[in-house]
Amino acid sequence: MEEKTVSRRKFLKLAGIASSGALLAACGPSAQQPAAAPAAEQPAAEQPAAEKPVAEQPAAPAAEGDKTIRLWVAWGQMNQLFQDEVWYQMPEYEEICKGIKIEYKGNVSEANVMTAIAAGDPPDCGANWSYAQLAIKDVFIDTEPYIQASQYIKQENYIPAIWDFCKFWTFKGMLGLPCFESFLDYGLNYNTELVTKAGLDPNAPPETWSEALEWHKALTIKDAAGNLTQFGLDPYDAMGGDPDGMEVATNHKYWDDTTGKFDFTNELFVEYFDITSKFYEVMGPDQVAGLRQAEGMGGWGGSYNAEAQAMIIEGYWHTGETTIQAPEVAKKNAASWSPVLDSLRGRRVQVAGGHTLAIFKGAAHNAESFKFGEFFNTDAVLDVMFKQVGWILGKKSWLETVDPNTYPGLKFYFDSIPEVTDWYQLRRCPLHGFIWGQLPEVRELCYRGQITPQQAAEEIQHRAVTEWQNQGLPEA
């Protein structure tokens, strides 16, 4: 695939289009994510992939007068960094967070967070949950006053789409501050070696779902007993399974943040259910479920790293995480645009956003939590996160220092900026987490032929509208 180049200055200028209103606000929170294939698809921790639960890491012994903040996140990728107390060894920590200790807990589910809130004992701060859904419950502080007084956090130093990710429907002010990872969220990553062996051209990746289906057929292999040993693309894995993935595929919002209305029954979503179900017809629902049960064959990169999966719809982080987790496989990775429906050929749809450091109301250390967020936005920390975890934050001055060729496939995400025709923001809908939890069942009913694509669209529409009413959520 021919690589186009774009200067860092041009990239940053183009990335600023969101401030002019060109960005379309997409739906939903950074909620829990499916950890396996649809047949066993259960919401787990959000993108990127989570690890096994980790024990809480107690703060280092605090000196008299030190304050300890409790930081909870749904990821597992940072567990080792916190366990090794990497941050305390950095001069930036002493400068910004002197007198502050961190009690870190990774792999924390949203259910556990809600239990803590209900008990009147929330963590001080956290990330990687359904921000929009929690925000509407009024559990976060507005960080705007802290930002106004900060010498480290300046709005003009962030890609507008990333900054605006911290603003949610019905929430007044800023919900936290950009943190941990927040950049570009959609691309079709593929194993060039497997693609070549299948007789396909790695320099001409599929642009539409019909073309992706043909690649999928060529890349899917079963043994003599009919067991699935390799497949092309699981359309519901990783970011493909996120409700926002439906918006990327159809270039249409399932929830309108100006009216508060759902639109799953739109004909574009019916077409989406139809074409994506065909991928399961090729693999066999039971066969893919069986493969997913094998050790190391889970979603969010597991089966891709094992080279049993040739394509995956993922964000930029896939390139770095794969390099760290499976370096030999990463060398074969390439990335291109996430597929769109045939009628949308030529549309280049991209999603910006990711995560914020949310600070809880009722917690003891709001100011100290914000200081931790300031520290985590320093170039020194962003360097560690990029090198050790593979994550990127849309801080413009730091992005100028990043080599987009560091990880195979990463350059696509940088180069995609000037070619995007339609921008969305990640997870705007207050029911994003709920919908993500409902979609696997509805999709499975559809790809097993128990309901039609039209009925699938009507069913998820019904569930979403009913839940909205049951929660007493407001009209726009």
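Bear in mind that the values in this text are calculations on the coordinates, not laboratory data. A quick note: this is a predicted structure, and the numbers were derived from the prediction, not measured. Heads up, the Cβs are rebuilt from the backbone with ideal geometry, glycines too, and the neighbour counts pull from every protein chain shown.
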Between Thr265 and Asp142, 0.36 nm times their residue separation minus their Cα-Cα distance comes to what? 40.7 nm
Which FRET efficiency value, to the nearest 0.05, is calculated for Ala204 and Ile324 with the Förster distance at 30 angstrom and r the Cβ-Cβ distance? 0.55
Can you tell me the alpha carbon radius of gyration of the chain divided by the globular rule-of-thumb value 2.2 N^0.38 Å? 0.93
List the residues whose amide H sits under 5 Å from the amide H of Thr356, counting only those 5 or more places along or on another chain, with H placed 1.01 Å from N in the peptide plane. Asn128, Cys179
Only residues of the range 245-278 count here: report those whose backbone N is under 18 Å from the spot 7 Å along Cα→Cβ of Lys217, or say none. 274-278
Measure up Lys137/Lys387; Lys167/Lys261; Lys197/Lys253; Lys105/Lys253; Lys137/Lys253 against 29 Å on the Cα-Cα distance and list the ones that go over. Lys137/Lys387; Lys197/Lys253; Lys105/Lys253
Rough spin-label spacing in nm, given labels placed 7 Å along Cα→Cβ, for Thr196 and Tyr88: 4.8
Sequence order, the range 444-453: Karplus ³J(HN,Hα) from phi using 6.51 cos²θ - 1.76 cosθ + 1.60, θ = phi - 60°, Hz rounded, Gly and Pro as x, gives 5, 4, 6, 6, 8, x, 7, 9, 7, x
Working out 0.36 nm times the residue gap between Ala119 and Ala225, then minus their Cα-Cα distance, what length gain in nm do you get to one decimal? 32.9 nm
Along the range 277-289, Karplus-curve 3J(HN,Hα) (6.51, -1.76, 1.60; θ = phi - 60°) to the nearest Hz, with x for Gly and Pro, reads 5, 5, 5, 6, 4, 5, 6, x, x, 6, 5, 5, 5
Could you work out how far apart the two model spin labels at Ala380 and Gln80 are, taking each label as a point 7 Å from the Cα in the direction of the beta carbon, and quote it in nm? 2.2
List, in order, the whole-Hz ³J(HN,Hα) value for each residue of the range 133-145 obtained from phi through the Karplus relation with A = 6.51, B = -1.76, C = 1.60 and θ = phi - 60°; use x for Gly and Pro. 6, 6, 4, 6, 8, 6, 10, 10, 7, 7, 8, 3, x
Report, in deg cm²/dmol and to the nearest 500, the calculated mean residue ellipticity at 222 nm for the chain, where each DSSP H run with n ≥ 4 adds -39500 (n - 2.57) and the sum is divided by the residue count. -10500 deg cm²/dmol
FRET E, pair Leu445, Lys172, Förster distance 35 Å, beta-carbon r, rounded to 0.05: 0.30
Relative contact order (%) - the range 103-239, alpha-carbon pairs under 8 angstrom, separation at least six: 14
In whole Å, largest first, the alpha carbons of the range 386-428 cover along the principal axes 30, 22, 20
Once amide hydrogens are built 1.01 Å from N within the peptide plane, the residues lying 5 or more places from Leu473 or on another chain with amide H under 5 Å from its amide H are none
If you average the alpha carbon positions of the range 277-309 and of the range 108-143, how far apart do those two centres end up, in angstrom? 33
Quick one: which residues, 5 or more positions from Gly315 or on another chain, have an amide H under 5 Å from its amide H? H modelled 1.01 Å from N in the peptide plane, none for Pro or chain starts. Met239
Ala364-Asp415 FRET efficiency (beta carbon distance; Förster radius 45 Å; 0.05 resolution): 0.50
